[in-house]
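All of the numbers you see were taken from the coordinates with simple rules; none came from a lab. Keep in mind that this is a model prediction, so the values were computed, not measured. Every residue, glycine as well, gets a Cβ built from its backbone with ideal geometry; the counts of neighbours run over all protein chains shown.
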Amino acid sequence: MSRYPRMRGLGELSVRRNDAGYEDIRRTVVWNALTPARFPDVIVRAASADDVVEAVRLARSQRLRVAIRSGGHSWCGSSLRDGCMLIDLSRLRSCTVDPASATATVQPGVTGLQLTSELRRHGLAFPTGHCPSVAVGGYLLSGGLGWNSGAHGPACAGVEQIEAVTAAGEPVTCSESEHKDLFWAARGAGPGFFAAVTAFRLRLYPHPGAITSTRWTFPLANVTEVTHWATELAAGLSPDVELGFSLETAGPGTEPGPKVVTVTGTAFAASRQEAGEFLLPLRQCPLRRNSLSRRLDEPTTFEALYDSSAAMWPPRLRYAADTLWSDAGFPTLLGELADVVDSAPSNRSLVLAPFSPAGRPSPDMAFSVLGESYVVPYAVWDDPRQDAANIGWLREAMHKVEPLGTGHYIAEVDLTAASSRARRSFTADDWQRLGSLRTRYDPDGVFCSYLSPEETSM
C-alpha cells in the first residue's frame, strides 16, 4: 500500500489497508452487522470540508476512485468498495439554525435525532429519517422518506442549497441558480452522486403542536380485509397523518407471538384536538372484533417515536432490505407477501408499506415517485450462520411481487441483487440525464457509481 502516501496534514485522519486498526475502522463505517467483504485501500475520516477537498484531490492524483459515507445506514453497504478511497463524513456534524428565515445549515454527519432535537428548541421541524441514527448526508441525497413526508414531500424537496466538492477537487455552491444541474442530481441520485456534499441548507417547517398515534393489530390471516379497510379510509385522511402497514411477528424476541398485520396512523397536528379529528376515521374500525390489540389516540413526541424506532432497529443485528414501487394496491401486494412473512426464517423479519410516502408533488429533481404503492421487505437476524437463509428469504419475497413492480427506491434498494436495480430506481429520462451529467462533471470516473452485483460480496 505504500503507493498511497499519507495526506499532507491529515495523516492521523487516514488509515490504509495494511495499517493496524484498519479492520475495526472498516467495520464501523457500516451500521449493519452484516459487513460486506469489500475493502477500500484508504479510509479517510474527514474532520472538515477542507479535508474533503484535499482527500478528493489526492485520490484523483493517485487514480483512486472515491466512495462517500455519512452514516453507514445503506443496507447493502454501498460505500464499501474494493480498491478505492472511502471518505467518511460522519465527523462533519455542524448544525446551525436560523429561526428568522426558518432554515438550517447542516453537515452530512448530522443525525436525524440531532437535527430534530435542535429544531425543537426553535419550534421548527424537518422530515428527518425514521431511525434516529440515520445521518442526513445519504438520506437527503437519496430522496429521504421520513416523518410526515406525506405532508412535506421527500426530504430532499426541502434542500435549498448544497456545498459540494467536485471530481476536480473544487468546492462549489449548488442551488436553483448556481450549478443547477448538479443541484438537480443531488436531490435523489443517492449513492451514485458524482460529488461529495459537505453541507445542506434546509427549508424548515413549524414544529407540530401535538403528535398522536393510533395502532390496530390483527392476525395475519386478516390481511386482505385489513388492507381493503385502510385503503378506503386513507383517501379521506389529512396529509398530516402518516399511515402505514406492517407484516411482522408480534412481540419478536425470545418468545415471539403470532404473525400479524398492523395499521398505524400518526397525526402531526397543531393541537391534541386537531390530532384527534385527523385520526377519527381510523378509530372507527369495522374490523375491531377481529383485532388482537388496539392503541387509540396515544400522545407521543419525536423523541418517543425515535426511541421506538431505535428499539426496532438495534445496530448489533444483521440486515438486508429491498424496495418496490408498484401501481398495484396494498390488498394485492401484501396479500402476495403474507405467506412469505409467515415462513420467514427469522421472527424479526418484516414488511413495511407506507401510504403516500413521498407526499405532495415535488420540484424538478432526480428523485421521483415511481408508483402508487410502496413496500419494503426487511430480513433481520442475528446468527451469521443464517446469512444465506435470510438473504434467500428476502430474494424470495421480492420475487413474489416484482412482476407487479414499477421501480425501486435508491436509498434502500438491494443493489447486490441485479444490475437493473439502480436504473429502475429512476424514470428513463432521469436515468439518461444522470448519465450525461456524470460524464460532464466526472469524466474520469473519480466517484464510484452505483454498486453492481459484480462488485459485491456479502
Exercise. Roughly how many whole Å is it from the C-alpha centroid of the stretch 154-232 to that of the stretch 360-400?
Worked result: 17
For this session: Output the relative contact order of the stretch 95-206, whole-number percent, from Cα pairs under 8 angstrom with separation of 6+ residues.
Result: 31
For this session: Rounded to whole Hz and in sequence order, give me ³J(HN,Hα) for the stretch 196-213 from the Karplus expression 6.51 cos²θ - 1.76 cosθ + 1.60, θ = phi - 60°, writing x for Gly and Pro.
Result: 10, 7, 10, 6, 10, 9, 10, 8, 9, 10, x, 5, x, x, 8, 10, 9, 10
Seminar exercise, completed: Applied in sequence order to the stretch 42-55, the curve 6.51 cos²θ - 1.76 cosθ + 1.60 (Karplus, θ = phi - 60°) yields integer Hz couplings, x standing for Gly and Pro, of 9, 10, 10, 9, 5, 10, 7, 5, 4, 4, 5, 4, 5, 5
Problem set entry | the chain, relative contact order in percent, only Cα pairs under 8 angstrom and at least six apart counted | 17
For this session: Neighbouring Cβ atoms within 10 Å as the yardstick, rank MET312, MET85, MET365, MET398 fewest first.
Result: MET312, MET365, MET398, MET85
For this session: List the residues whose amide H sits under 5 Å from the amide H of ASP98, counting only those 5 or more places along or on another chain, with H placed 1.01 Å from N in the peptide plane.
Result: THR103, ALA104, THR105
Problem set entry | ³J(HN,Hα) computed for each position of the stretch 367-376 - Karplus, 6.51 cos²θ - 1.76 cosθ + 1.60, integer Hz, glycine/proline x | 5, 8, 7, 10, x, 7, 10, 8, 9, 9
For this session: Compute the acute angle (0 to 90°) between the alpha-carbon long axis of helix 302-312 and the principal axis of greatest extent of the alpha-carbon atoms of the chain; round to the nearest 10°.
Result: 90
Exercise. Sorting LYS400, LYS259 on the 10 Å Cβ count, fewest up front, what's the list?
Worked result: LYS400, LYS259
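Per the helix-only calculation at 222 nm, which mean residue ellipticity applies to the chain, given -39500 (n - 2.57) for every DSSP H run of n ≥ 4 and division by its residues, nearest 500 deg cm²/dmol?
After summing the helix terms and dividing by residue count, I get -8000 deg cm²/dmol.
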For this session: Quote the relative contact order of the stretch 210-416 in percent (integer), defining contacts as alpha-carbon pairs under 8 Å separated by 6+ residues.
Result: 27
Exercise. Once amide H atoms are built 1.01 Å from N in the peptide plane, which residues 5 or more positions from HIS130, or in another chain, come under 5 Å H to H?
Worked result: TRP147
Seminar exercise, completed: About its Cα centre, the stretch 95-206 carries a charge dipole, from +1 on Lys and Arg Cβ atoms and -1 on Asp and Glu Cβ atoms, whose size in debye to the nearest 20 is 340
For this session: Report, in degrees rounded to the nearest 10, the 0 to 90 angle that the Cα long axis of helix 223-234 makes with the longest principal axis of the chain.
Result: 80
Exercise. Given H placed 1.01 Å from N in the peptide plane, which residues other than close sequence neighbours of GLU160 have an amide H under 5 Å from its amide H?
Worked result: ARG201, LEU202, ARG203
Exercise. What ranking of HIS73, HIS207, HIS130, HIS399 emerges when the number of other C-beta atoms within 10 Å of each C-beta is taken as an exposure proxy, fewest first?
Worked result: HIS399, HIS207, HIS130, HIS73
Exercise. For the chain, how big is Rg over Rh, using alpha carbon atoms and the Kirkwood form of Rh?
Worked result: 0.96
Exercise. Given R₀ = 35 Å, FRET efficiency for ALA221-GLU454 by Cβ-Cβ distance, to 0.05?
Worked result: 0.25
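Rounded to the nearest 20 Debye, what is the dipole magnitude of the chain about its Cα centre when Lys and Arg each give +1 and Asp and Glu each give -1 at the C-beta? It would help to have the intermediate numbers written out before the result.
Working: 44 positive and 50 negative charges, 162 e Å.
The calculation lands at about 780 debye.
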